[in-house]
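Trainee: First, the structure itself, so that you have it in front of you.
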Amino acid sequence: MSDLEWAEREKRLTRIRRLSAFMKWTVTVILAFMVLFGGLVLVEIIVPFDLLISPEETIDVADIERPIDEIPHIQRIGVAVLFCIALSLLALSIWNIRQVFKRFQMMEFFSPKTLANVISIGVWLIVFAAFDLISDPIGSVIVTYDLPPGERSVEVTLDGAEIFCFIFGALMLLFGWILREAALIADENRQFV
């Protein structure tokens with residue numbers, strides 16, 4: 001490898017390290033804000049004190065919107081459980097994204113931990129998409145359970161978020177599997193030399 005090729009390679013690797021470090025901390029801040037915001041939303045949903053809830057605050061599940069203070073406390077807890085599960089699944093995905101950036105910063109492109117994190121991103125995004133799809137009907141039943149029999153409803157919705165998370169999750173899962181195979185082939189080639 002010539003000096004010029006070596007210098008170009010070092011520039012590329014430096015660029016990868018810098019961007020990976022920046023993204024690692026950006027994703028960390030996003031994850032922290034997401035957890036903080038999620039905690040605030042949970043407190044607002046669960047706390048039964050009418051002083052904390054303004055009359056304008058509503059819970060939106062699928063196409064159903066109801067004022068929080070009209071929903072019985074036990075039903076609000078059910079909605080909070082659904083929200084916690086969705087938030088946890090998304091947080092696990094984002095945590096694995098952070099870990100991939102961390103590993104890229106350390107130049108561990110094909111390490112088993114990096115590949116496991118890439119695969120985990122895909123798995124958690126697919127699980128989130130599936131849960132998001134089934135949480136709308138469950139949430140709509142929970143939110144309308146106290147209403148008279150003719151006003152209760154089951155809402156099924158499919159929006160771009162579920163589709164995007166499913167497709168991107170499948171892409172990351174496949175990408176992780178392919179990288180794992182590439183790492184195995186590279187390892188076999190090194191052993192022959």
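Trainee: Mind checking whether some residue in the stretch 152-161 is part of a helix (DSSP H, G or I), more than 24 Å from the chain's Cα centre (by Cα), at pLDDT below 95 and not hydrophobic (A, V, I, L, M, F, W, C)? Walk me through how you get there before you give the answer.
Mentor: So the first thing to find is which residues in the stretch 152-161 are part of a helix (DSSP H, G or I), and the list is 160-161.
Now restrict to residues that are more than 24 Å from the chain's Cα centre (by Cα): none.
Within the stretch 152-161, none of the residues are part of a helix (DSSP H, G or I), more than 24 Å from the chain's Cα centre (by Cα), at pLDDT below 95 and not hydrophobic (A, V, I, L, M, F, W, C).
Trainee: Out of LEU89, LEU19, LEU36, which single residue is of a type in the set (A, V, I, L, M), free of Cβ contacts under 8 Å to residues at least 24 places away in the same chain and in contact with a helix residue (DSSP H, G or I) (Cβ under 9 Å, 6 or more places away or on another chain)? Please lay out each step first, then the result.
Mentor: Working: LEU89 fails: free of Cβ contacts under 8 Å to residues at least 24 places away in the same chain; LEU36 fails: in contact with a helix residue (DSSP H, G or I) (Cβ under 9 Å, 6 or more places away or on another chain).
Selected residue: LEU19, the only one of LEU89, LEU19, LEU36 that is of a type in the set (A, V, I, L, M), free of Cβ contacts under 8 Å to residues at least 24 places away in the same chain and in contact with a helix residue (DSSP H, G or I) (Cβ under 9 Å, 6 or more places away or on another chain).
Trainee: Could I ask something else about it? Check whether at least one residue in the stretch 43-55 is closer than 30 Å to ARG152 by Cα and charged (D, E, K, R), and report yes or no. Talk me through it step by step, then tell me what you get.
Mentor: The initial filter retains those residues of the stretch 43-55 that are closer than 30 Å to ARG152 by Cα, namely 43-55.
From what's left, charged (D, E, K, R): 44, 50.
Yes: one or more hits.
Trainee: So how many residues does the stretch 114-144 have that are at pLDDT below 95, of a type outside the set (Val, Ile, Thr) and in contact with a helix residue (DSSP H, G or I) (Cβ under 6 Å, 6 or more places away or on another chain)?
Mentor: Residues in the stretch 114-144 being at pLDDT below 95, of a type outside the set (Val, Ile, Thr) and in contact with a helix residue (DSSP H, G or I) (Cβ under 6 Å, 6 or more places away or on another chain): 5 in total.
Trainee: Give the residues of the stretch 105-122 that are surrounded by fewer than 19 Cβ atoms within 10 Å (Cβ to Cβ) and in a helix (DSSP H, G or I), sorted by residue number. Break it down stepwise before answering.
Mentor: Going residue by residue through the stretch 105-122, those that are surrounded by fewer than 19 Cβ atoms within 10 Å (Cβ to Cβ) are 105-113, 116.
The answer is GLN105, PRO112, LYS113, ALA116.
Trainee: Quick check on ILE45: is it among the β-branched types (Val, Ile, Thr) and either modelled with pLDDT of 95 or more or part of a loop (DSSP other than H, G, I, E, B) (or both)? Before the answer, list the steps.
Mentor: On the way: among the β-branched types (Val, Ile, Thr): yes; either modelled with pLDDT of 95 or more or part of a loop (DSSP other than H, G, I, E, B) (or both): no.
Taking the combined requirement at face value, the residue does not satisfy it.
Trainee: Can you tell me which residue among ARG76, ARG66 is crowded, with 16+ Cβ neighbours inside 10 Å and not in a helix (DSSP H, G or I)? Outline the logic, then answer.
Mentor: Working: ARG76 fails: not in a helix (DSSP H, G or I).
The conditions single out ARG66.
Trainee: To continue, here is another question. For a quick check of your reading of the model, give me the residue pairs whose first member lies in the stretch 1-16 and is under 16 Å from MET106 (Cα atoms) and without any contact (Cβ under 8 Å) to a residue 12 or more places away in the chain, whose second is hydrophobic (A, V, I, L, M, F, W, C) and exposed (fewer than 10 other Cβ atoms within 10 Å of the Cβ), with beta-carbon atoms closer than 9 Å and at least 6 apart or on different chains.
Mentor: These pairs meet every condition: ARG9/MET1.
The values are calculated or read from the model by the stated rules, or taken from the named source; none is laboratory data. Given the structure is predicted, the values throughout are model-derived calculations rather than measurements. Note: ideal-geometry Cβ built from the backbone for every residue, glycine included; neighbour counts use all protein chains shown.
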